[in-house]
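Below: one structure, written as C-alpha cells.
The values are calculated or read from the model by the stated rules, or taken from the named source; none is laboratory data. This one's a predicted model, so the numbers in the text were calculated from it and none came from an experiment. We place every Cβ from the backbone using ideal geometry, glycine too, and count neighbours over all the protein chains shown.
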Amino acid sequence: MAHSLLSCTVASVVDPCPNLRRITLYSPSFVDYQITGPDEFFGLVMPQPGQQFVPFECQDVNVRAAVAALPTEIRPNLRWYTVRRVDPARGLLSFDVVLHAAGPGSTWVATAQPGDTCGFWTAQSLWQPTTDTQVLVADATGTPALLSILDRLPSPALARCSVAVCTPSLHDVELPALTTYAPRLANFAVTEAAPGNAPLVMEETLSSWPLTDTAKLWASGEDRLVKAARRYGIHHLGMSAKDITFVPFWYEGKPRP
C-alpha cells in the first residue's frame, strides 16, 4: 500500500472527557477517504510552535527519515495516533489524544486551535477482522481504536467479544461510550492502574473470565501491557502468535517517534 503525506487544517477541538481531547481535521484529501480498518493508525506531523505545516518530500522515503532530514529550525514532530471517525462527505477526520505529561504530541494537541495546520501521514489498520470469539485489551491510548472496533462489529460478534481496559484514571477514557457496549459483550471490565501495574491487573481480569476457544486477541497501549497480553494469549489461552495483534503505542519513560 502506498502511503502519502496530506496537508490538514484543524476544524474543531473538543474534550469528550476531562483528560481526553478530540481533534477533528479537515482536508480535501479526506473526501471519499477510505480507511483500511477500524484501528487505522497514522502519523501526525506537527509543526513547531508558531509555525504552520509546510509539506515536504517523502515519496519512497521512510517518513521518520524524511522528518529527521529537515533543518532543525523547521523540523516538525511526528507522533502516531489512531483514527476515531471519518466523515468523507465533509472531508473530516477525528482522532483522540490522552492529555498527560508534556511531550511533543500532547503539547501540540493541548494548544491546537481551529485554523492550525498539520500533516497527516497515511498508514493502515492492524486488527484482524473476525466474527468469532475475540479478546480486546487496551489502555487509555488504545481505547479510541478499541471503540472503533466495537463500532464496526455486528451484534452477534459483540456477544463473542471480551473487553478489558486498564487506565491510570477513568478520566482518560470515553467511559459512557465504553459502558454502552457492556451489556452486549461476553465480558467487560474497566480498571484503574498505573502503567507499571497494568499488566498484572490485566492478567487478573482475563483470568477471571471463561475465555475458552479464543480465536483472536488484539492489544493496544503501553509496551509492557500489550506484551503481557500477548504472553497471556499464548501461555494461558493456548493461542497461536499469528492470531494475536499487539500494538505498542508508547513506552513509559522514553519517546517513540
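Here is a list of conditions, (1) surrounded by 15 or more Cβ atoms within 10 Å (Cβ to Cβ); (2) at negative phi; (3) not hydroxyl-bearing (Ser, Thr, Tyr), and Gly221 meets all of them except one; can you say which number that is?
Here Gly221 clears every test but (2).
Identify all residues within region 1-45 that are farther than 24 Å from Asp172 by Cβ and not in a loop (DSSP other than H, G, I, E, B); write none if there are none.
Leu5, Leu6, Ser7, Cys8, Thr9, Tyr26, Pro28, Ser29, Phe30, Val45
Listed here are the residues, each with its yes/no results for (1) within 24 Å of Lys227 (Cα to Cα); (2) not in a helix (DSSP H, G or I).
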position: Pro176; (1), (2): no, no
position: Ala182; (1), (2): no, no
position: Glu203; (1), (2): yes, no
position: Trp209; (1), (2): yes, yes
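Given the condition closer than 26 Å to Arg152 by Cα and either more than 19 Å from the chain's Cα centre (by Cα) or at pLDDT 90 or above (or both), answer yes or no: does some residue in region 43-59 qualify?
Kept after step one, since they are closer than 26 Å to Arg152 by Cα, are these residues of region 43-59: 43-44.
Within this subset, residues satisfying the condition of being either more than 19 Å from the chain's Cα centre (by Cα) or at pLDDT 90 or above (or both) are 43-44.
Yes, the conditions are met somewhere in region 43-59.
Which count do you get for residues in region 212-238 that are aliphatic (A, V, I, L, M) and either touching a His at 6+ places or on another chain (Cβ under 8 Å) or part of a helix (DSSP H, G or I) (or both)?
5
Out of region 184-230, which residues are over 21 Å from the mean Cα position of the chain (by Cα) and basic (Lys, Arg)?
Hit for region 184-230 is Arg184, nothing else.
Could you check how many residues of region 75-111 are farther than 30 Å from Leu158 by Cα and either buried (at least 19 other Cβ atoms within 10 Å of the Cβ) or touching a Leu at 6+ places or on another chain (Cβ under 9 Å) (or both)?
As a first pass, look at region 75-111 and keep what is farther than 30 Å from Leu158 by Cα: 75-79, 100-111.
Within this subset, residues satisfying the condition of being either buried (at least 19 other Cβ atoms within 10 Å of the Cβ) or touching a Leu at 6+ places or on another chain (Cβ under 9 Å) (or both) are 76-79, 104-106, 108-110.
Going through region 75-111 one residue at a time, the tally reaches 10.
Could you please give the count of residues in region 27-48 that are more than 23 Å from Gln128 (Cα to Cα) and either without any contact (Cβ under 8 Å) to a residue 60 or more places away in the chain or not polar (S, T, N, Q) (or both)?
From region 27-48, those more than 23 Å from Gln128 (Cα to Cα) are 27-32, 44-48; that's our starting set.
From what's left, either without any contact (Cβ under 8 Å) to a residue 60 or more places away in the chain or not polar (S, T, N, Q) (or both): 28, 30-32, 44-48.
Here the count works out to 9.
Suppose we filter Ser162, Ser148 for residues that are over 13 Å from the mean Cα position of the chain (by Cα), at pLDDT 95 or above, hydroxyl-bearing (Ser, Thr, Tyr) and within 16 Å of Thr245 (Cβ to Cβ); which single one remains?
Ser162
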